[in-house]
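Colleague: Next up is a structure, given as structure tokens.
Only the coordinates and a few stated rules stand behind these numbers; no lab work does. These figures come from a predicted structure and were not determined experimentally. Glycine gets a Cβ as well: all are built from the backbone with ideal geometry, and neighbour counts include every protein chain shown.
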Amino acid sequence: MSISHKRGRGFILKDYLLGLLIVVIMIPLLNAPYRLIDSLKFNDDLLLDIISIEKLKRELLMTEIIEVKKEVLDYLKEGEERKLIFNDHRLYLSPGYQLFLKDVDDLSFSYDGKGVYMTYLKDGKYEKIAF
């Protein structure tokens, strides 16, 4: 005579608890990549600003400064008059529209007889750049 066990069609309490335990363990593991992506986004914005400042320094290399105003820098490069303009929380090059910095709270240019300086406020921190 053989003994056979028949199991019902539903789940038993330990199956539910095991499933719940798996879900509770998986939620933090699935949340970790989102936190990593957010931190990379912050570093990406910082990296873009550093690259933009280096491009700006290269743009102003070997130029003749015409006029320095608070939010506008006029200069000659290769015989062409160009302007760096701070407007609407952005620093861009004219003619055309090459964007250098965005989401800037305040920006000003200054000239002390030796060189041109740009001071800007972004994310609550002031930065001063010499050209």
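Colleague: Give the angle, between 0 and 90 degrees and rounded to the nearest 10, that separates the Cα long axis of helix 13-60 from the longest principal axis of the Cα atoms of the chain.
Modeller: Between the helix axis and the principal axis of the chain, the angle is about 10 degrees.
Colleague: Rounded, prolate or oblate: which fits segment 13-130, taking a ≥ b ≥ c as square roots of the Cα gyration tensor eigenvalues, rounded meaning a/c under 1.5, else prolate when a/b beats b/c?
Modeller: On the way: a/c = 4.43, a/b = 3.73, b/c = 1.19.
It comes out prolate by the Cα gyration axes.
Colleague: Work out the FRET efficiency for LYS77 and ASP45 from their Cβ-Cβ distance, taking R0 = 22 Å, and round it to the nearest 0.05. Intermediate results must be reported in sequence, preceding the final value.
Modeller: On the way: r = 28 Å, r/R0 = 1.27.
For R0 = 22 Å, the calculated efficiency reads 0.20.
Colleague: A further question on this structure: Sorted by average packing, counted as other Cβ atoms within 10 angstrom per residue and highest first, what order do 56-66, 85-95, 21-31 take? Present the calculation step by step, with values, prior to reporting the outcome.
Modeller: On the way: 56-66: 13.3, 85-95: 15.1, 21-31: 9.1.
Highest mean packing first, the order is 85-95, 56-66, 21-31.
Colleague: I need to check one value: relative contact order of the chain, counting alpha carbon pairs closer than 8 Å and at least 6 residues apart, in percent. Don't jump to the answer; show the numbers that get you there.
Modeller: On the way: 151 pairs, mean separation 17.2, N = 131.
In percent, rounded to a whole number, it is 13.
Colleague: Along the charge dipole of the chain, Cβ charges K/R +1 and D/E -1, which of ILE25, VAL116, TYR126 sits furthest on the positive end?
Modeller: Value computed over the given set: ILE25.
Colleague: Contour minus end-to-end for ASP106 and ASP123, with contour as 0.36 nm per residue of separation and end-to-end as the Cα-Cα distance?
Modeller: Details: separation 17, 0.36 × 17 = 6.12 nm, distance 1.03 nm.
Taking ASP106 through ASP123 to full extension adds about 5.1 nm, to one decimal.
Colleague: Rounded to whole Hz and in sequence order, give me ³J(HN,Hα) for segment 90-104 from the Karplus expression 6.51 cos²θ - 1.76 cosθ + 1.60, θ = phi - 60°, writing x for Gly and Pro.
Modeller: Working through the residues one at a time gives 9, 10, 9, 9, 10, x, x, 8, 9, 7, 9, 10, 9, 6, 9 Hz.
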